[in-house]
Amino acid sequence: MNMEIFKLLPILFIFFNPVWSITSNSATESFLQCFTSHIQNLNSSSKIILSKNSSAYSSVVQSSIQNLRFLNTSISKPEAIIYPFHDSHVQAAVICSKTNGIQIRIRSGGHDYEGQSYVSRAPFVIIDLFNLRSIDVDIENESAWVESGATLGELYYRISEKSKAYGFPAGSCPTMGVGGHISGGGFGTILRKYGLAADNVIDARIVDVNGRVLDRKSMGEELFWAIRGGGGSSFGVIVAWKLRLVPVPPSVTVFSISKTTEQGATKLLSKWQNIADKFHEDLFLHTVIGVGDKAGTNGGKTIAIEFSSLFLGPVEKLLLLMQDNFPELSVARSDCTEMSWIESVLYFASISRNESEALLNRTQQSKSFFKAKSDYVNEPISEAGLEGLWQKLIEVGGYLILTPYGGRMSEISNSEIPFPHRSGNLFKIQYMVTWDDEKETEKHIGMMRKLYAYMAPYVSKSPRAAYLNYKDLDLGRNEDANTSYAQASIWGLSYFKNNFKRLAQVKTLVDPGNFFRDEQSIPVYPSRKK
């Protein structure tokens, strides 16, 4: 979507009036009347409802959809889009949607892999947090309040404006919305030093099912526990987070080295599996595995593995660490670049080091059809297993990202927050396949499922674990509002393991009617029979 449209949004948003509501169903009419009444009572002059009749409606619906699978015209669209400028607008949207039986979807950045922030089988409205994106950085107290509609890029930029000595441990894609990213856990290149984004939340504001705005003190520790990695949209609308900033050194060092299987990549990855989680916590070395052209052949394919590193320190210290722990990779000084931490954010986002303002761009430049899955690995995969994986990957044409754990990730208890994948995990795998033609969707999804099936013997079991922010509806889905705890456990245990029961108990306390729900929302916990 052209960014100019966003500049025009305040003009394009219109208040409810009978002219366009005549064609809406009665529940939608009642919702809009209720919502407008609440806003008028607040004497608001902001125009925050976008109707289906607006010429900008389609463009705005599509504006932050990253997965083109969900642009299909047959997929249901929202009755309206609410763009709150204030917490009170969110309160009104929740109260009125609950009163009138209209579902809501909550969108911050639109990066959800299965489209759950803007797709629903039932009539629904989108609460788009685009305008709730203020960021207040307090360097003296090493904290920041950030509204959920801000992007990671905006957050990083605003921190660096105030100080080059602080950062925040979150993801490397700058257009991700803060709200969804943190509520699902949120990891990045300094997770081995500082843990997840959700591990570094110290307060939050949430609008609950009754329309109340609650902070940590008023929501209580159980709900505060649940929203840090348990998926916030199951419990309410999180409008803001208070984050603990973390110190970063004046200089960090990066390198990227790529090897093909002909150049010994398989043996290098075998060594990496055994050491990456045991490196010093200042060292992050992940791998991206993809398909490339085999040198000297006509159409032949090979596997290429890129080893990319961020080290929180100078190049000399990094070289010593690599020589002591991974000499086989043959890292030379010429492979390394020293830079500031904020420049490393640009580096991992593939943005030029002198273009920091690009972090303020909320629009993802490249979009595609894609399907993703995830796994956790507890024991190194054998070379024979890797060779079989290479064959499958060449057939599928996708890529894998292997993220090392250890360090701080192994020190935090599995139950500290809902995210349970801590000690015992060597690394996480993200599987990704992309394509350009909608007609090829079923073919590529089918091939991804075959790749995932091949990996079953080599990854975690009972349950086969998965990462919440890489949503995968293949794991199972809630069919309706009455989906039982037992039915939801099919997918819930994969994301949350033993924390799933506690999440369901919190859900029952704060949203017993299961208003906040989607295909993989936390279910209510069954009451004991008397």
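At-a-glance table
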read-out	value
Cα gyration tensor, the stretch 338-458 - rounded (a/c under 1.5), prolate or oblate	oblate
Accessible area in the full protein assembly, largest first, 1.4 Å probe, for Asp324, Asp472, Asp436, Asp480	Asp436, Asp324, Asp480, Asp472
Sequence-distant residues sharing a close amide H with Tyr376 (under 5 Å, placed H)	Ile429, Ser460, Ala465
Rg and Dmax of the stretch 379-527, Cα atoms only, in Å	17.4, 51
Residues in the stretch 380-407 that a label on Lys461 would reach, taking backbone N under 20 Å of a point 7 Å out along Cα→Cβ	380-389
Coil-residue trypsin sites (Lys or Arg not before Pro) of the stretch 329-363, DSSP, other Cβ within 10 Å capped at 14	Arg353
Farthest toward positive dipole pole in the chain [+1 Lys/Arg, -1 Asp/Glu at C-beta], among Met432, Tyr525, Phe130	Tyr525
√(5λ) per eigenvalue of the Cα gyration tensor, the stretch 351-417, largest first, Å	30, 24, 13
Residue-normalised accessible area of the chain, given per residue in Å² at a 1.4 Å probe	41
Amide hydrogen neighbours beyond the local backbone of Arg105, cut-off 5 Å, H modeled	Val125, Ile126, Ile127
Neighbour count of at most 12 Cβ within 10 Å plus DSSP loop: longest GluC sites (Glu not before Pro)-free window in the chain	141-354
Using distinct alpha-carbon pairs, which all enter the 1/r mean, Kirkwood radius of the stretch 221-315 in Å	17.2
Rule-of-thumb Rg ratio for the stretch 172-268 [Cα; 2.2 N^0.38 Å; N residues]	1.46
Using alpha carbons only: equivalent-ellipsoid semi-axes of the chain, gyration tensor based, whole Å	39, 25, 24
Residue-level accessible surface for Ser54, protein heavy atoms, 1.4 Å, Å²	20
Probe 1.4 Å - accessible area at Ser415, Å² to nearest ten	60
Semi-axis lengths, Å, the stretch 196-239, gyration tensor of Cα atoms, sqrt of 5 times eigenvalues	16, 11, 8
Simple Cβ-charge dipole of the chain, Lys/Arg +1 and Asp/Glu -1, about Cα centre, in debye nearest 20	1200
Lysines with Cα under 20 Å of Lys317, excluding same-chain neighbours fewer than 8 positions away	Lys193, Lys278
Evaluated at q = 0.11, 0.26 Å⁻¹: base-10 log I(q)/I(0), Debye formula over Cα of the stretch 459-530	-0.25, -1.27
Ratio of the Cα radius of gyration of the stretch 145-192 to 2.2 N^0.38 Å, where N counts its residues	1.06
Global form of the stretch 34-193, assessed from the alpha-carbon gyration tensor, a/c cut-off 1.5	oblate
Euclidean distance between Cα centres, the stretch 222-283 to the stretch 101-129, Å	27
Efficiency of FRET between Ser423 and Gln505 - r from beta-carbon atoms, R0 25 angstrom, step 0.05	0.55
Loop-located trypsin sites (Lys or Arg not before Pro) in the stretch 408-475, at most 11 other Cβ atoms within 10 Å (DSSP)	Lys461
Free-standing Cys, the chain [no other Cys Cβ under 4.7 Å]	Cys173, Cys336
Shape of the stretch 291-375, Cα gyration tensor, a/c cut at 1.5	oblate
Charge dipole of the stretch 140-228 about the Cα centre (unit charges at C-beta), most positive-ward option of Thr189, Asn200, Phe168	Thr189
Accessible-area composition of the stretch 166-282, carbon plus sulfur, in percent [1.4 Å probe]	51
Rg(Cα) / (2.2 N^0.38 Å) computed for the stretch 49-143, rounded to two decimals	1.20
Surface share of carbon and sulfur [accessible, 1.4 angstrom probe, percent] for the stretch 337-398	42
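The values are calculated or read from the model by the stated rules, or taken from the named source; none is laboratory data. Everything numeric here is computed off the predicted structure, so don't read it as measured data. Cβ: placed from backbone, ideal geometry, glycine included. Neighbour counts: every protein chain shown. Heavy atoms of the whole protein, side chains included, go into the accessibility calculation; ligands, DNA and RNA do not. Shrake-Rupley method; radii C 1.70, N 1.55, O 1.52, S 1.80 Å.
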